[in-house]
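Below: one structure, written as structure tokens.
The values are calculated or read from the model by the stated rules, or taken from the named source; none is laboratory data. Only a predicted model underlies this, so the values are computations on that prediction, with no experimental measurement involved. Cβ placement follows ideal geometry from the backbone for every residue including glycine, while neighbour counts extend to all protein chains displayed.
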There are 4 protein chains.
Amino acid sequence: MSTPVATPTHPPRQRRKEARPQELIDAALELFAEKGFAATRSEEVAARAGVAKGTLYLYYPSKEELLKAVISQRLSSEIAAVTEYARGYRGSCDSLLREVFTEWWSRVFDSPTSAVFKLVITEVRNFPDIAAFYRGAVVEPATALVGEIVERGIRSGEFRPIDVHGTVMSLVFPMIMLCLHKHSLGACAPATEMMDPHGFIRQHVDIVLHGLRADPSASARGVA
Amino acid sequence: MSTPVATPTHPPRQRRKEARPQELIDAALELFAEKGFAATRSEEVAARAGVAKGTLYLYYPSKEELLKAVISQRLSSEIAAVTEYARGYRGSCDSLLREVFTEWWSRVFDSPTSAVFKLVITEVRNFPDIAAFYRGAVVEPATALVGEIVERGIRSGEFRPIDVHGTVMSLVFPMIMLCLHKHSLGACAPATEMMDPHGFIRQHVDIVLHGLRADPSASARGVA
Amino acid sequence: MSTPVATPTHPPRQRRKEARPQELIDAALELFAEKGFAATRSEEVAARAGVAKGTLYLYYPSKEELLKAVISQRLSSEIAAVTEYARGYRGSCDSLLREVFTEWWSRVFDSPTSAVFKLVITEVRNFPDIAAFYRGAVVEPATALVGEIVERGIRSGEFRPIDVHGTVMSLVFPMIMLCLHKHSLGACAPATEMMDPHGFIRQHVDIVLHGLRADPSASARGVA
Amino acid sequence: MSTPVATPTHPPRQRRKEARPQELIDAALELFAEKGFAATRSEEVAARAGVAKGTLYLYYPSKEELLKAVISQRLSSEIAAVTEYARGYRGSCDSLLREVFTEWWSRVFDSPTSAVFKLVITEVRNFPDIAAFYRGAVVEPATALVGEIVERGIRSGEFRPIDVHGTVMSLVFPMIMLCLHKHSLGACAPATEMMDPHGFIRQHVDIVLHGLRADPSASARGVA
DNA sequence: AATGAATGAGGCTTCATTCAT
DNA sequence: TATGAATGAAGCCTCATTCAT
């Protein structure tokens with residue numbers, strides 16, 4: 001029995017102009033990825049960010065603009081970071097690819113960024129702006145980065161000659177799928193949690209790189 | 001593949017009511033996959049199926065029941081067909097897996113079924129019923145089918161010892177990703193259409209099976 | 001004590017597709033003129049027209065379009081009718097003007113049309129479309145009609161030479177003011193109802209026409 | 001009419017708080033007359049007065065109180081001034097009326113006061129307080145002032161016997177209409193600006209007074 | 001006294017669903 | 001059985017007002 005108060009107690013107002021945009025984006029990413037953009041009410045986003053309905057609109061002029069901010073904010077920085085990471089690496093393409101994917105995976109899977117993939121898959125068709133942005137800021141740089149390494153490996157004879165773009169997708173697609181899974185079926189209650197995702201990715205990269213290796217006997221024959 | 005003239009086109013006036021449910025499901029799958037469940041108006045579904053708004057409700061009691069019908073209808077039959085296809089196959093696990101995936105892929109990618117994956121990814125979290133159904137009717141049988149073949153390959157020494165479940169995912173995930181892509185980014189206008197999907201899948205399965213082989217030189221011998 | 005009914009009794013639905021638009025326009029005119037466009041809730045309009053909120057939007061796509069329909073619907077027809085009425089009249093300009101204004105006034109003042117003037121005055125600045133329409137469909141034809149009669153009277157020597165456009169306004173403005181008054185101060189409760197409006201207009205036209213007459217002595221001198 | 005350089009412009013930093021209420025009222029009158037009370041945001045009023053949103057509420061407890069202040073502030077003083085002006089005038093009623101209306105018109109039309117009429121017309125029905133105030137402080141004194149002059153003219157034989165109240169309206173209504181016009185249609189862009197308003201009013205008063213004269217030939221003699 | 005971030009009631013509009021025809 | 005007019009709950013967004021700074 002708490003002391004009954006007649007006056008409707010307003011939650012204490014906080015002025016936090018600087019922090020709000022990020023808090024709203026974080027809340028929105030969670031909810032949009034969980035329920036979809038259309039099924040998320042803007043009031044829910046505000047509530048999860050700890051503000052009132054109207055406050056959201058002080059920072060983003062509409063729910064749609066919020067969506068665009070959510071998507072553009074997370075991804076570009078990750079790609080840039082990994083590209084930087086790969087620059088100037090010395091060693092075999094095999095080990096560089098292992099490094100790159102391990103790095104990327106560690107940044108993405110356990111972070112909220114993993115949810116962005118679901119959001120993009122789900123919403124591009126409704127918001128063409130997003131398609132253009134995602135292609136230019138994510139798909140192209142990432143494809144270029146990995147594609148160049150694979151290409152180098154083929155030219156050096158480390159990998160057998162094979163379609164480069166397809167190889168990139170063979171490497172990357174399962175990682176994205178795992179992100180999607182995490183935010184869809186994987187988030188549904190009574191799941192026998194599918195193996196350790198980090199272990200899976202390590203094994204997946206290993207299998208693919210194994211499958212890329214130039215056939216030693218063939219190359220032996222070719223060299224001989 | 002198309003039967004040019006023979007299809008018995010029923011005159012539109014006497015389209016019999018037995019065809020309606022399937023027409024509604026087809027229309028709904030297209031639209032739900034394109035725009036998402038929440039963003040699709042039930043009137044649009046009716047319109048695409050060629051009936052009036054009210055008619056939809058004579059066949060499905062609510063938009064949500066329609067969604068469940070859409071998802072449950074397409075997938076179970078495919079899995080059953082492929083399982084049947086694999087039963088009693090004689091030959092190497094490598095070639096069986098190539099057969100199975102080729103068969104499955106040819107059934108799924110170019111058919112409306114490819115859209116179901118996007119729908120499931122998008123909507124499971126909002127409709128827990130769907131998660132249960134999808135796990136039981138799709139994930140488990142499919143995983144079991146492929147997993148058993150891989151396991152057999154390992155036991156027979158054809159494949160190197162490796163985590164089975166992970167291997168299944170390495171094989172399957174890119175195929176699902178390609179279905180998702182087809183209905184999201186891939187459907188957005190100015191796309192350099194990513195390679196031929198059938199070619200990609202053939203190469204992907206090849207790379208992975210290559211990476212699974214117990215002894216490269218042995219396989220080289222086998223191939224040679 | 002009426003029989004209590006548990007089920008929420010829905011008012012009987014009526015299908016009246018043909019009659020709705022006019023009913024909605026009539027309701028909207030009353031309310032917009034009474035409270036102003038911005039202060040009228042679209043639900044009130046619907047309620048006064050005897051339909052539910054959503055029904056309004058089956059006939060007009062937005063509150064603003066409803067406003068435009070309200071304004072354009074009433075006025076054009078009145079002007080046309082009066083112009084028709086004046087065509088082919090034979091007699092003095094003085095008596096023609098009396099006829100025209102009596103006719104116009106009898107059509108407008110006691111009908112809902114009187115409210116349109118308030119609406120136009122109030123809302124033109126917010127909706128430039130309305131200004132263009134009103135000028136073209138009302139101001140210009142009406143000014144032309146009356147102006148031509150006055151001009152004829154001047155040329156024939158029946159009226160003294162005087163600015164024509166100003167004269168038209170001297171005649172018309174009090175009539176419009178009376179319409180405005182009827183829907184503003186005049187509608188506020190404890191009013192000593194200002195004289196009979198019809199009597200006032202008759203006297204006003206009489207005074208102005210009196211004031212327009214060519215000075216008999218002057219013209220006598222001029223003629224002599 | 002403008003005093004070019006002499007106006008003591010206060011440095012904006014030390015604009016003293018005594019000026020604020022008038023600045024707010026001026027800003028509010030402009031905006032309320034332009035867009036209507038309901039369609040004007042209180043933040044706009046504050047901005048036009050050069051203060052922040054919150055500051056408005058330090059001077060007026062609500063938007064509605066601000067409206068009442070706007071209306072009551074402007075008009076009473078004008079009436080008083082003109083009444084004073086008319087008191088003790090010696091000469092014909094005809095010339096007194098010309099004087100009075102010229103004086104009143106020169107005070108009102110080119111000043112912000114002209115906007116008050118639109119505001120009253122628009123908002124009385126929503127705010128009954130305003131009706132009472134306006135009747136008592138404006139309509140009655142003004143009617144009384146003009147009515148008495150007309151009455152005197154009739155009793156003295158200068159004007160023909162005619163309904164006094166109606167005559168007052170015949171004189172005054174076009175002036176108010178012109179004020180309304182200035183703030184509605186007249187403010188909409190591509191207007192062939194209707195004649196000079198001052199010229200129009202002079203002619204209008206002339207026509208009406210002409211129409212009031214007891215005997216045209218007598219007046220002809222007077223003029224001649 | 002002044003500011004402007006924050007609040008939340010309230011209005012416009014959409015759309016799943018119902019039901020008279 | 002099929003239709004589509006009608007309904008009203010619910011979501012997006014605005015803005016008068018409050019209050020921490």
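Some values worked out for this structure:
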{"quantity": "Any chance A:G136 is surrounded by fewer than 17 Cβ atoms within 10 Å (Cβ to Cβ) and more than 30 Å from A:R202 (Cα to Cα)", "calculated": "no"}
{"quantity": "Complete set of residues in region C:31-59 that are within 23 Å of D:T122 (Cβ to Cβ) and not aliphatic (A, V, I, L, M)", "calculated": "C:F32, C:E34, C:K35, C:G36, C:F37, C:T40, C:R41, C:S42, C:E43, C:E44, C:R48"}
{"quantity": "Residue tally, condition closer than 17 Å to A:Q73 by Cβ and not hydrophobic (A, V, I, L, M, F, W, C), over region A:136-151", "calculated": "2"}
{"quantity": "Residue list for region C:17-57, filter: within 11 Å of DNA strand E (Cβ to nearest atom), touching a residue at least 24 places away in the same chain (Cβ under 8 Å) and farther than 27 Å from D:A33 by Cβ", "calculated": "C:T55, C:L56"}
{"quantity": "Test: residue in region B:162-170 that is in contact with a His (Cβ under 8 Å, 6 or more places away or on another chain) and aliphatic (A, V, I, L, M)", "calculated": "yes"}
{"quantity": "Helices (runs of 4 or more DSSP H) completely within region D:105-224 that count 1 or more residues being more than 7 Å from every other protein chain (Cβ to nearest Cβ) and at pLDDT 90 or above", "calculated": "D:113-123, D:128-134, D:140-155, D:164-182, D:197-212"}
{"quantity": "Members of region A:34-93 found to be of a type in the set (A, V, I, L, M), within 14 Å of DNA strand F (Cβ to nearest atom) and within 14 Å of chain B (Cβ to nearest Cβ), listed by number", "calculated": "A:A38, A:A39, A:L67"}
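Each row is one residue, and each column tells you yes or no for (1) of a type in the set (S, T, Y); (2) surrounded by fewer than 16 Cβ atoms within 10 Å (Cβ to Cβ).
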{"position": "C:E84", "(1), (2)": "no, yes"}
{"position": "C:Y89", "(1), (2)": "yes, yes"}
{"position": "C:S95", "(1), (2)": "yes, yes"}
{"position": "C:V100", "(1), (2)": "no, no"}
{"position": "C:E103", "(1), (2)": "no, yes"}
{"position": "C:R107", "(1), (2)": "no, no"}
{"position": "C:P112", "(1), (2)": "no, yes"}
{"position": "C:V116", "(1), (2)": "no, no"}
{"position": "C:T122", "(1), (2)": "yes, no"}
